[in-house]
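Every number in this text was worked out from the coordinates using simple rules, so none of it is lab data. Predicted model only: the values in this text are computed from it and were never measured. Ideal geometry is used to build each Cβ from the backbone, glycine not excepted, and the neighbour counts take in all protein chains shown.
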Amino acid sequence: MKYLLILLLTIFYHPVKAQSDSMTFVMHIDKNTIVVSESEFPGGNNAWYNYLGRNLYYPEWALRRGIRGTVIVKFVIDEDGNVTNVKAVSGPNELRESAIDVIKKSPKWLPSKRNGVPIKSDKTQPINFG
């Protein structure tokens with residue numbers, strides 16, 4: 001049953017560009033319409049990347065040693081827009097703490113919504129050092 005629902009969701013969803021950078025998905029299942037909007041940083045993607053660029057700290061000792069790479073950070077935006085469950089899942093160990101810190105210090109987001117009701121959403125952010 002779970003696999004059938006996933007299959008239906010992948011077949012019957014239609015991405016729709018909203019007024020901002022966020023995505024809204026409309027799914028038609030039987031006679032029901034489900035509208036899901038993706039969580040969004042206030043101001044959209046450009047504001048998010050500006051925030052990361054202004055606030056990311058590249059440890060001086062790591063820079064001097066030539067430690068570079070991309071840290072993949074997974075996190076959750078809760079129903080209130082708070083950033084929670086921040087974890088680095090790959091990338092140089094020496095750079096993970098800095099990547100986690102910049103995500104944790106993020107201001108509140110606009111949460112995802114399903115039919116107008118706020119819901120949790122998972123996010124993945126690659127952070128490139130060097």
task = Please find the FRET efficiency linking Ala47 to Asn93, where r is the Cβ-Cβ separation and R0 is fixed at 25 Å, and quote it to the nearest 0.05.
result = 0.25
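Taking the beta-carbon count within 10 Å as an exposure proxy, list Thr124, Thr24, Thr70 from fewest neighbours to most.
Thr124, Thr70, Thr24
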request  = May I have the count of lysine pairs in the range 23-130 with C-alpha atoms under 29 Å apart, counting pairs 8 or more residues apart or located on different chains?
outcome  = 24
